[in-house]
1. Being without any contact (Cβ under 8 Å) to a residue 60 or more places away in the chain and within 15 Å of the chain's Cα centre (by Cα) is the filter here; which residues of region 22-35 pass it?
2. Hey, can you tell me all the residues within region 82-124 that are surrounded by fewer than 22 Cβ atoms within 10 Å (Cβ to Cβ), modelled with pLDDT under 65 and either in contact with a helix residue (DSSP H, G or I) (Cβ under 6 Å, 6 or more places away or on another chain) or within 25 Å of residue 14 (Cβ to Cβ) (or both)?
3. Can you find even one residue in region 61-79 that is out of contact with any strand residue (DSSP E or B) (no Cβ under 9 Å at 6 or more places or on another chain), at pLDDT 95 or above and either surrounded by fewer than 18 Cβ atoms within 10 Å (Cβ to Cβ) or in a loop (DSSP other than H, G, I, E, B) (or both)?
4. Output the residue which, of all residues in region 4-26 that are part of a loop (DSSP other than H, G, I, E, B) and out of contact with any strand residue (DSSP E or B) (no Cβ under 8 Å at 6 or more places or on another chain), is nearest to residue 46 (Cα to Cα).
5. Give region 10-21 a look and list any residue that's surrounded by 14 or more Cβ atoms within 10 Å (Cβ to Cβ) and more than 12 Å from the chain's Cα centre (by Cα), or say none.
6. Could you list, in sequence order, the residues of region 50-59 that are touching a strand residue (DSSP E or B) at 6+ places or on another chain (Cβ under 9 Å) and surrounded by fewer than 17 Cβ atoms within 10 Å (Cβ to Cβ)?
7. Collect the residues in region 27-49 that are crowded, with 19+ Cβ neighbours inside 10 Å, out of contact with any helix residue (DSSP H, G or I) (no Cβ under 8 Å at 6 or more places or on another chain) and in a helix (DSSP H, G or I), keeping them in residue-number order.
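The values are calculated or read from the model by the stated rules, or taken from the named source; none is laboratory data. Computed from a predicted model, the values in this text were never measured in an experiment. Here Cβ is always computed from backbone atoms with ideal geometry, including for glycine, and neighbour counts include all displayed protein chains.
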């Protein structure tokens, strides 16, 4: 079971928690975690917010499409009890994601789904992204 905390800090209301919860559930299944209780925070933000986060945490003074803040160690990933695994926080910059979707000739749904899978470990992330994208209907 996946618990999703979704925040949309943009004026675009097309995307909501239902869209991202589906992605999280398919991702959990593909990662072999479908029987675990997972928590994830997904935040849609504008360019100013993502630029400030990028500067603060990566020392890069520019907007980017996504920043993920996974909880690194298993002991840190446990929150209230051993049955709950917190995957961390994802910040997706909707305006930048829109630009990249156009540049890459993909739908915005596809681009957002791809970015939302950033909770996986870096070396496994792209493989997991492709598996999830292929399983959901966009």
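1. 25, 28
2. 120
3. Scanning region 61-79, I find at least one residue that is out of contact with any strand residue (DSSP E or B) (no Cβ under 9 Å at 6 or more places or on another chain), at pLDDT 95 or above and either surrounded by fewer than 18 Cβ atoms within 10 Å (Cβ to Cβ) or in a loop (DSSP other than H, G, I, E, B) (or both), so the answer is yes.
4. Going residue by residue through region 4-26, those that are part of a loop (DSSP other than H, G, I, E, B) are 9-16.
If we keep only those that are out of contact with any strand residue (DSSP E or B) (no Cβ under 8 Å at 6 or more places or on another chain) too, we end up with 11, 13-14.
On the way: 11: 9, 13: 13, 14: 15 Å.
Once the filter is applied, the top-ranked residue is 11.
5. Narrowing region 10-21 to residues surrounded by 14 or more Cβ atoms within 10 Å (Cβ to Cβ): 10, 15, 17, 19-21.
10, 15, listed by residue number.
6. Initial filter on region 50-59 (touching a strand residue (DSSP E or B) at 6+ places or on another chain (Cβ under 9 Å)): 50-51, 53-54, 57-58.
Matches in region 50-59: 57, 58.
7. 28
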